[in-house]
Structure formats: structure tokens, C-alpha cells
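The values are calculated or read from the model by the stated rules, or taken from the named source; none is laboratory data. As the structure is a prediction and not an experimental result, all values here were calculated from the model. Note that we place each Cβ from the backbone using ideal geometry, even for glycine, and neighbour counts take in every protein chain shown. The area values use the complete protein model at the heavy-atom level, side chains included, leaving out ligands, DNA and RNA. Shrake-Rupley method; radii C 1.70, N 1.55, O 1.52, S 1.80 Å.
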Amino acid sequence: RDIELARTIQMRIVKEFEHFSGDRFDVLCSSFMAKGVGGDFYTAVRYGGSRQLVCIGDVSGKGVAASLVTSVLHGIIHTFDLRLGLFPLIKSLNEFLLGTFQQDKYLTGIFVDIDQATGVAEVCDLGHGYGFVYSAGRLRRLVGGTENLPIGVTGDLSPTSFRYRLAPDDMLLLFTDGLFEQRNLRGEVFSIATVERLLRAYSGLGLESFRVKLFESFHHFRAAAPLQDDITVVLVKQAGAAAPLHEPGNSGIRSSPRS
């Protein structure tokens with residue numbers, strides 16, 4: 001009964017599927033847990049008129065303990081004054097995790113603060129590494145700031161971030177590692193190259209259609225193999241054209257590996 005209650009609470013916070021439609025951006029989030037409850041979470045919060053915070057995270061460990069941590073992190077994010085910026089938010093999350101769990105629990109994640117008026121996204125990757133941009137027919141990995149430590153590891157957390165301008169046809173994709181660590185019955189892992197092929201075929205159909213095709217391909221790949229880890233996906237795409245960005249070009253990307 002306790003596990004079922006924890007699952008019910010987590011599913012109210014981290015729903016299996018949510019689609020947030022805005023004036024300029026659409027955000028689609030999807031998550032399912034390997035053991036009913038787990039350590040994955042996402043959130044998408046509009047604030048300050050034209051701004052939106054989107055984040056994805058993976059708490060160390062699985063099961064009920066990890067799900068309880070995600071619930072508290074979700075609460076901190078939704079009650080924090082996001083107008084203070086990404087770094088004060090990350091510092092607050094770090095103080096909670098480190099002070100409460102003394103390095104027994106930590107969080108990898110990607111935090112994205114989007115200015116919907118310009119299409120500029122400030123991206124902070126906290127030891128996560130599964131952020132991508134699909135642009136001009138290619139899937140490229142977000143690499144700026146990937147040297148940052150996870151949240152909850154050290155009190156001296158001083159992360160760096162970078163900015164990326166989302167063009168009208170770009171798609172931002174955030175994943176947790178469960179998608180790419182899943183093995184099929186032959187011991188093969190689900191590949192980034194497969195995601196890129198699906199994007200070329202289906203990204204023009206919209207976020208919901210792409211999500212369906214992605215998970216159809218994933219479950220066909222694993223077949224009878226057990227689900228090995230929690231899986232969370234966050235997709236972001238502009239609904240309209242962005243204003244010009246008078247800042248340095250997009251430097252925090254590189255081509256994705258072909259494996």
C-alpha cells in the first residue's frame with residue numbers, strides 16, 4: 001500500500017504525459033518509471049510574462065526513496081522565485097540535497113531558461129549530458145557546461161551555463177539516461193542514431209506524433225527485455241518565428257555520435 005501511495009503521489013507530480021502550449025513555444029514532457037516509482041522528474045514553469053523554465057532530472061538510486069526526493073525538488077522549483085535566475089535556484093536545490101542527504105543522494109539534470117520573446121535559451125547542464133538540438137536535419141549534442149558537477153555533491157557548486165538561440169524549426173530534446181542504456185535481448189543499446197532517424201522522418205508531424213513514434217520504436221527495440229531504468233523525455237519547439245538575437249552565435253553544440 002505504501003508503494004502504491006508513493007506511486008500515486010509521484011504520478012500527480014511527474015505525469016506520464018503533459019503538453020504545454022504557449023504563444024511561442026510548445027513543451028512536451030513524458031515520463032515512466034521502471035519500478036512504478038523512481039528518481040526521474042521534469043518540470044515546465046511559465047513565469048515573468050515571456051519566460052519559461054524547463055528542466056529534466058535524475059536522482060541517484062531508484063524506488064520509493066528516490067521518488068520522495070523528486071517530490072521535494074519539484075516543490076522547491078515551483079515555490080522558488082524564478083526571476084532570481086538559474087544559479088540561485090540551483091544553489092537552493094544543492095543546499096537542500098547536500099544538507100539533507102550528506103552526499104547519499106545527488107541529482108544530475110539540465111535546466112533551461114527560455115525567453116519566449118527572443119528564442120534565447122540559457123542552458124545549465126549539471127553532470128547530465130543528455131541534451132540535444134535537432135536543427136537543419138541534424139541532431140547535435142549540447143556540450144557547454146557538461147563539466148559541471150551534479151547537484152548535491154559539493155557545497156562549492158559553481159556551475160557554468162551557455163546560451164543557445166532556438167530557430168523556428170529547431171527542436172530541443174532532453175532525455176534521462178534510461179533511454180540510451182536500455183538493452184534488447186541481443187545486448188544492443190538503443191542508439192542516438194535511431195532518434196536522429198526518427199526525427200528526420202517524423203519531427204515535422206509535431207511533438208505529440210514524434211513522441212508516439214519514439215516510444216513505439218523504443219518498445220519494439222527492447223521487445224521482451226525488461227525495462228532497465230526510468231525514462232523521461234522533454235521536447236521543446238517554437239510555435240512561431242523568433243526575433244533576431246544580438247549575441248554571439250551558437251557555440252554550445254556539437255554533432256551527435258553515430259552510435
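Here is the figure for segment 110-127: residues that are closer than 16 Å to Leu157 by Cα and modelled with pLDDT under 95 total 1.
To keep it simple, each residue is scored yes or no on (1) in contact with a Gly (Cβ under 6 Å, 6 or more places away or on another chain); (2) assigned to a helix (DSSP H, G or I); (3) open to solvent by less than 30 Å² (accessible area, probe 1.4 Å).
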| position | (1), (2), (3) |
| --- | --- |
| Gly187 | no, no, no |
| Val195 | no, yes, yes |
| Ala201 | no, yes, no |
| Gly204 | no, yes, no |
| Phe215 | no, yes, yes |
| Ala225 | no, no, yes |
| Asp229 | yes, no, yes |
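When Phe41, Phe17 are checked against the criterion of being surrounded by fewer than 17 Cβ atoms within 10 Å (Cβ to Cβ) and either under 19 Å from Leu179 (Cβ atoms) or over 15 Å from the mean Cα position of the chain (by Cα) (or both), a single residue qualifies: Phe17.
Taking the criterion of being touching a strand residue (DSSP E or B) at 6+ places or on another chain (Cβ under 6 Å) and part of a loop (DSSP other than H, G, I, E, B), the only residue of segment 25-45 that qualifies is Gly39.
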